[in-house]
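Where a number appears in this text, it was derived from the coordinates with a stated rule and is not lab data. This is a predicted model, so every value here is computed, not measured. Using ideal geometry, Cβ is built from the backbone for each residue, glycine included, and neighbour counts are taken over all protein chains shown.
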Amino acid sequence: MTNNRLVALAASVAAAAFLACPAAVQAGGQFNAALIASNCAVCHGPGGNSAGFTPSLDKLTKEEIADNLRKFRSGEKPSTIMRRFAKGFSDAQVDAIAAQLGK
Amino acid sequence: MSKHSATRNTRREFLQLVGAAGVVSALTLTGRVSLAGSSGRVVVVGGGFGGATAARYVKKFDPGIDVTLIEPNIEYVTCPFSNAVLGGIREMTAITHAYKGLSKAGVKVLHDSVSAVDPVKKTLATKGGDSIAYDRLIMSPGVDFRFEDVPGYDEAATRMVPHAWKAGQQTVNLRRQLMAMDDGGLVIIASPGNPFRCPPGPYERASLIAYYLKHNKPRSKLLLLDAKSKFSKMPLFLEGWAIHYKNIEWVAGDKGGEVIEVDAKNRVAITDFDKHKAAVFNFIPPQKAGAIAHGAGLTDKSGWCPVDFSTFESTIHKGIHVIGDAAIVTGMPKSGNAANSQAKACAVAVAALLKGDEPTTPMTSNTCYSLITPEYGISVTAVWTASPDGYKKNSGGVSPKGQDAAFRKLEATYARGWYANISRDIWG
Ligand SMILES: Cc1cc2nc3c(=O)[nH]c(=O)nc-3n(C[C@H](O)[C@H](O)[C@H](O)COP(=O)(O)OP(=O)(O)OC[C@H]3O[C@@H](n4cnc5c(N)ncnc54)[C@H](O)[C@@H]3O)c2cc1C
């Protein structure tokens, strides 16, 4: 069920980004937010529920996730790896990923 | 014996499942709406990093799709963290995974080996004698070795001179040889030219074997003979070795490091200029796509499989997708994490294609952590977007040089986090 919701959300987020944010679309093209967010699982665990060592994301709100990603990206929040990783995402992508994973 | 009958039982159960699925599609054909929402049949070959991820994620992205995973082994032993086993800091059981989690996720798991693929009829044959039809096939068979390129090295030679580049019995063999070796014995690792599975792998292996030697065989040395003159995360490895290991000597390709012949019986590595006799000799052979990719006619002259970058569909045979080490994915390395990320992108594309939708432009990512000691980790990471000529990097890079011990320790901890979580993402 969660997964159906994820796929539906992905489609609608991509569509919303497409309609509301022509600049982001020009910059990044159409993207699948569920796909991008699925790649966070390798370090943060399925659905952001980590087995340990790496922080869990499943207790964070979407605002907190987006805020963290932006702060990692700018370097305002220090990190070992998240800066190198988060710099790969546009603002529209950061918000769409956060919408996928956030509470 | 019991193993054999277990396999047969699994096959029988499987045939029952296939029978049921057959009925469902027959009903659909006669115009009745199937409750399963049957939107096609996907078969995945290979239950490693790429294949097991693909099977799980096709099901996740579209639960109506009938997904079958074919893998000969009852358990999968990961190459990631097998270097830690060689270094004596992890047990084999901690890198071994069963397929129960995938069955629970709704994937039909068949323990058999694919012996032939017919891309026109869209069927495949298994060693066990089954013929299986698919709408779309995803292949992730990993690598095989180019024994034909190295005089003196073949399947039989791998007992004396293990490659340990597919984890399992080979890992155990190399570990036992290291433990049995006298203090003072020379360990040789031979590293191949590009491209090969896991670019930082030979250097992590050198590090963790050097760690074992330093603490257990202090008079022993490790000679790393290399076909290359540059390697992945090289400045970071050299920095870490300068701090921790006086027992590693690296010979670059342009200094005659390439091993061109193996004398397995005497454990001798032969280069253009020298013969080096080892007490333990780990030869990492040059590689090519797994045998079934060749058998199915999916490879080009390079020995690897060309694919469309947004769907991973073979550019040779329509309806067959190739991911992971076997595929040519320009821009991305051959790694477990890359295979996992490609599998997810491929799953999205396959689900869309089966529905008749236009696939979106995928983004992928990869991180390879390496341990230099149990408490000293380094990483390389990247995020990519697909383009018609390969994967274009959005961001990424290696860990910064000159960091303190606390930073390296954090990355060693996060390396363990990566392993625990990617394993659950795939087999959990
Ligand atoms: C020492 C070492 C360390 C590594 N460390 C890391 C690391 O830290 N991080 C990382 O990301 N990567 C690492 N890797 C790389 C990683 O192991 C590979 O890139 C990854 O396994 C590739 O996945 P794959 O699905 O392409 O192939 P594999 O994982 O090899 O899976 C292939 C599967 O296909 C099956 N198969 C083959 N032929 C058939 C057939 N005919 N029918 C049915 N099934 C078949 C095989 O049994 C196997 O299970 C390391 C590799 C090595 C050697």
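At 0.36 nm per residue, minus the direct Cα-Cα distance, what do B:Arg146 and B:Ser113 gain on full extension? Give it in nm, one decimal, please.
So the chain would gain 9.8 nm between B:Arg146 and B:Ser113.
Check B:Thr330: other-chain or 5+ apart residues with amide H under 5 Å from its amide H, H built from backbone geometry?
It is B:Tyr391, by chain and number.
Would you tell me the mean number of C-beta atoms belonging to other protein chains that fall within 10 Å of each C-beta in B:55-62, as a whole number?
For peptide B:55-62, the averaged partner shielding equals 3.
Round to the nearest 10 and give me the degree value, 0 to 90, for the angle of helix B:169-180's Cα axis relative to the longest principal axis of chain B.
20
What is the distance, in nm, between label points placed 7 Å from the Cα along the Cα-to-Cβ direction at A:Asn49 and at A:Asp91?
In this crude spin-label approximation the distance works out to 3.5 nm.
With θ set to phi - 60°, apply the Karplus curve 6.51 cos²θ - 1.76 cosθ + 1.60 along region B:320-332 and write out the HN-Hα couplings as whole Hz, x wherever there is a Gly or Pro.
10, 9, 10, 10, x, 3, 5, 8, 8, 10, 3, x, 9
Give a residue-ordered list of calculated ³J(HN,Hα) values for region A:96-103 (Karplus: 6.51 cos²θ - 1.76 cosθ + 1.60, θ = phi - 60°; whole Hz; x for Gly, Pro).
Couplings: 5, 5, 4, 5, 5, 9, x, 5 Hz.
What full-extension length gain, to one decimal in nm, is calculated for B:Ala125 and B:Ser302 as 0.36 nm per residue of separation minus the Cα-Cα distance? All intermediate terms of the calculation are to be shown ahead of the outcome.
Working: separation 177, 0.36 × 177 = 63.72 nm, distance 2.59 nm.
Between B:Ala125 and B:Ser302, full extension yields an extra 61.1 nm.
Whose amide H sits under 5 Å from the amide H of B:Leu69, counting only residues 5 or more places off or on another chain, with H placed in the peptide plane?
B:Val44, B:Lys108, B:Val109, B:Leu110
Using Cα atoms only, what is the angle between the long axis of helix B:336-355 and the major principal axis of chain B, expressed in degrees (0 to 90) to the nearest 10?
Tilt of helix B:336-355: around 10 degrees.
With a 10 Å cut-off between alpha carbons and a GNM built on chain B, which of B:Ala327, B:Ala382, B:Ala156 moves the most?
Result for chain B, Cα springs under 10 Å: B:Ala156 fluctuates most.
Please work out whether the protein assembly as shown counts as rounded, prolate or oblate from its C-alpha gyration tensor, where a ≥ b ≥ c are the square roots of the eigenvalues and a/c under 1.5 means rounded, while otherwise a/b larger than b/c means prolate and anything else oblate?
Values: a/c = 1.90, a/b = 1.27, b/c = 1.49.
Judged from the Cα gyration tensor, the protein assembly as shown comes out oblate (a/c at least 1.5, b/c at or above a/b).
Report the one residue of B:Val67, B:Phe283, B:Thr360 whose Cα lies farthest in the direction of the positive end of the charge dipole of the protein assembly as shown (charges on C-beta: Lys and Arg +1, Asp and Glu -1; origin at the Cα centre).
B:Val67
Going by a ≥ b ≥ c, the root eigenvalues of the Cα gyration tensor, does region B:160-287 fall in the rounded group (a/c under 1.5), the prolate group (a/b larger than b/c) or the oblate group? Before the final figure, lay out the partial values.
Working: a/c = 1.28, a/b = 1.06, b/c = 1.21.
Rounded, because the longest to shortest axis ratio a/c is under 1.5.
Starting from the amide H of B:Asn394, placed 1.01 Å from N in the peptide plane, find each other amide H under 5 Å away whose residue is 5 or more places distant or on another chain.
B:Val383, B:Trp384, B:Thr385
DSSP loop trypsin sites (Lys or Arg not before Pro) in region B:201-259 with at most 15 other Cβ atoms within 10 Å of their Cβ, which ones?
Counting only loop positions with at most 15 other Cβ atoms within 10 Å, the trypsin sites (Lys or Arg not before Pro) in region B:201-259 are B:Arg219, B:Lys230, B:Lys246.
List the trypsin sites (Lys or Arg not before Pro) in region B:316-361 that DSSP assigns to loop (not H, G, I, E or B) and whose Cβ has at most 15 other Cβ atoms within 10 Å. Which are they? It would help to have the intermediate numbers written out before the result.
Details: sites: B:Lys318, B:Lys334, B:Lys344, B:Lys355; in loops: B:Lys318, B:Lys334.
In loop regions of region B:316-361 (DSSP not H, G, I, E or B), the sparsely surrounded trypsin sites (Lys or Arg not before Pro) are B:Lys318.
Taking chain B as the reference, fit the longest principal axis to its C-alpha atoms, fit the long axis of helix B:49-61 to the helix C-alpha atoms, and give the angle between the two in degrees, 0 to 90, nearest 10.
The helix B:49-61 is inclined about 30 degrees to chain B.
Scan region B:101-170 for trypsin sites (Lys or Arg not before Pro) in coil per DSSP, keeping those whose Cβ has at most 16 other Cβ atoms within 10 Å, and list them by number. Don't skip to the answer; put the middle values down first.
Working: sites: B:Lys104, B:Lys108, B:Lys121, B:Lys122, B:Lys127, B:Arg136, B:Arg146, B:Arg159, B:Lys166; in loops: B:Lys121, B:Lys122, B:Lys127, B:Arg146, B:Arg159, B:Lys166.
Those that pass, being in a loop and sparsely packed, are B:Lys121, B:Lys127, B:Arg146, B:Arg159.
Starting from the Cα-Cα distance between B:Ile270 and B:Lys355, subtract it from 0.36 nm times their residue separation and give me the gain in nm to one decimal.
Values: separation 85, 0.36 × 85 = 30.60 nm, distance 5.52 nm.
Here the answer is 25.1 nm.
Spin-label point model (7 Å from Cα, Cβ direction): what's the B:Leu238 to B:Ser387 distance in nm?
3.0
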